[in-house]
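The values are calculated or read from the model by the stated rules, or taken from the named source; none is laboratory data. Keep in mind the model is a prediction, meaning the values are calculated, not measured. Here the Cβ positions follow ideal geometry from the backbone for every residue, glycine too, while neighbour counts run over all protein chains shown.
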Amino acid sequence: MQRLAVKRSNQNIIAQCFSIYKVILTRPNPSSTIMIKKLFKALILGVIACVLLLLFSDFIISKQSENCSSTISEVIPSKVGVVLGTSKYVHSGNINQYYQNRLNATLELYTAGKIKYVLVSGDNSTKEYDEPSTFKQDLVKMGIPENKIFLDYAGFRTLDSVVRAKFVFQEDNFIIISQPFHNERALFIAKHKNINARAYNAQDVGKRYGFKTQFREKFARVKTVLDLFLLRTKPKFLGATISIK
């Protein structure tokens with residue numbers, strides 16, 4: 001009986017402690033409530049601002065679609081075609097469809113006499129990863145003469161590729177070659193930098209295959225707008241000029 005009484009007493013003490021703890025948690029604290037409301041409002045405003053920025057960036061960049069051609073007969077001839085680099089293989093080991101379609105589009109332009117030279121601009125940040133050289137090897141295999149292909153090893157980003165085409169390779173009138181969504185962003189950069197560029201659309205890929213790329217593109221567009229209008233981002237490297245001839 002004594003042990004039972006002690007047990008009940010302990011249970012009562014624990015219950016009272018929980019009751020006090022509950023009262024402390026639920027007791028209104030004016031300063032804490034105000035702070036929570038302010039944080040909540042700031043969070044909501046931040047989310048709204050991000051959504052608006054996403055929509056605005058997508059809208060103004062999408063307007064560049066009017067300067068993109070999907071039919072070879074619509075393309076106005078130019079001296080140089082700038083093909084934007086990407087990896088040759090995907091994680092599964094298969095050929096990257098974006099890569100293959102850009103190769104095909106480049107060959108179409110060259111074969112049709114729409115361009116005389118090809119400038120491959122891509123990432124060569126390590127010895128093991130060399131987008132420009134890989135593109136060149138395959139373009140040569142497809143029939144484009146090696147002496148008609150120039151390489152830009154410092155095209156780390158679309159901004160670098162577009163700006164370097166003008167200030168390093170001294171071309172102010174060229175055709176950008178990539179998928180439609182990428183061309184729109186590249187042309188937006190070109191327009192902001194007063195570069196007279198147009199674009200030829202390589203065949204796009206299926207929605208399922210390109211879902212991740214299309215999703216990342218939304219944020220890449222925001223980054224582009226911030227780079228151009230707020231951060232004033234410049235290419236990582238410029239360097240000595242190179243003539244394409």
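Scanning region 137-152 for residues that are surrounded by fewer than 20 Cβ atoms within 10 Å (Cβ to Cβ) and closer than 25 Å to residue 71 by Cα yields a total of 7. Total residues in region 112-160 satisfying the condition of being of a type outside the set (D, E, K, R) and in a helix (DSSP H, G or I): the figure is 11.
Residues that are surrounded by fewer than 17 Cβ atoms within 10 Å (Cβ to Cβ), under 25 Å from residue 90 (Cα atoms), within 21 Å of the chain's Cα centre (by Cα) and not hydrophobic (A, V, I, L, M, F, W, C): does region 112-126 have at least one? Yes, that holds for at least one residue.
Every listed requirement among (1) of a type outside the set (A, V, I, L, M); (2) over 29 Å from residue 245 (Cβ atoms); (3) assigned to a helix (DSSP H, G or I) is met by residue 99 save one, (2).
Selection of region 87-122 for residues being of a type in the set (S, T, N, Q), out of contact with any strand residue (DSSP E or B) (no Cβ under 7 Å at 6 or more places or on another chain) and touching a residue at least 60 places away in the same chain (Cβ under 8 Å) yields 97, 101, 104. Taking region 59-96 as the range and being assigned to a helix (DSSP H, G or I) and over 20 Å from residue 143 (Cα atoms) as the test, the residues that pass are 59, 60, 61, 62, 63, 64, 65, 66, 67, 73, 74.
Report, by residue number, each residue of region 108-127 that is of a type outside the set (Gly, Ala, Ser) and within 21 Å of residue 158 (Cα to Cα).
109, 115, 117, 118, 119, 120, 123, 124, 126, 127
The set of residues from region 86-98 being aromatic (Phe, Trp, Tyr) and surrounded by 14 or more Cβ atoms within 10 Å (Cβ to Cβ) comprises just one member, 98.
Kindly list the number of the only condition in (1) at pLDDT 65 or above; (2) over 30 Å from residue 195 (Cα atoms); (3) not in a helix (DSSP H, G or I) that fails for residue 42. Answer for residue 42: the failing condition is (3). If you go through region 162-176 and pick out every residue that is surrounded by fewer than 24 Cβ atoms within 10 Å (Cβ to Cβ), of a type in the set (Val, Ile, Thr) and in contact with a strand residue (DSSP E or B) (Cβ under 8 Å, 6 or more places away or on another chain), you end up with 1.
Condition check: in contact with a Phe, Trp or Tyr (Cβ under 8 Å, 6 or more places away or on another chain) and free of Cβ contacts under 8 Å to residues at least 40 places away in the same chain. Does residue 140 satisfy that? When the stated conditions are applied, residue 140 does not pass them.
Looking at this structure, is residue 191 assigned to a loop (DSSP other than H, G, I, E, B) and either closer than 21 Å to residue 120 by Cβ or in contact (Cβ under 8 Å) with a residue 12 or more places away in the chain (or both)? Taking the combined requirement at face value, the residue does not satisfy it. Of all residues in region 130-153, those being of a type in the set (Gly, Ala, Ser) and within 17 Å of residue 116 (Cα to Cα) number 1.
Of the residues making up region 55-85, just one is surrounded by 14 or more Cβ atoms within 10 Å (Cβ to Cβ) and acidic (Asp, Glu), namely 58. When the criteria are applied in full, residue 177 meets the requirement of being closer than 28 Å to residue 71 by Cβ and either without any contact (Cβ under 8 Å) to a residue 60 or more places away in the chain or under 18 Å from the mean Cα position of the chain (by Cα) (or both). Residues of region 194-241 that are assigned to a loop (DSSP other than H, G, I, E, B), surrounded by fewer than 17 Cβ atoms within 10 Å (Cβ to Cβ) and touching a strand residue (DSSP E or B) at 6+ places or on another chain (Cβ under 7 Å): 236, 237.
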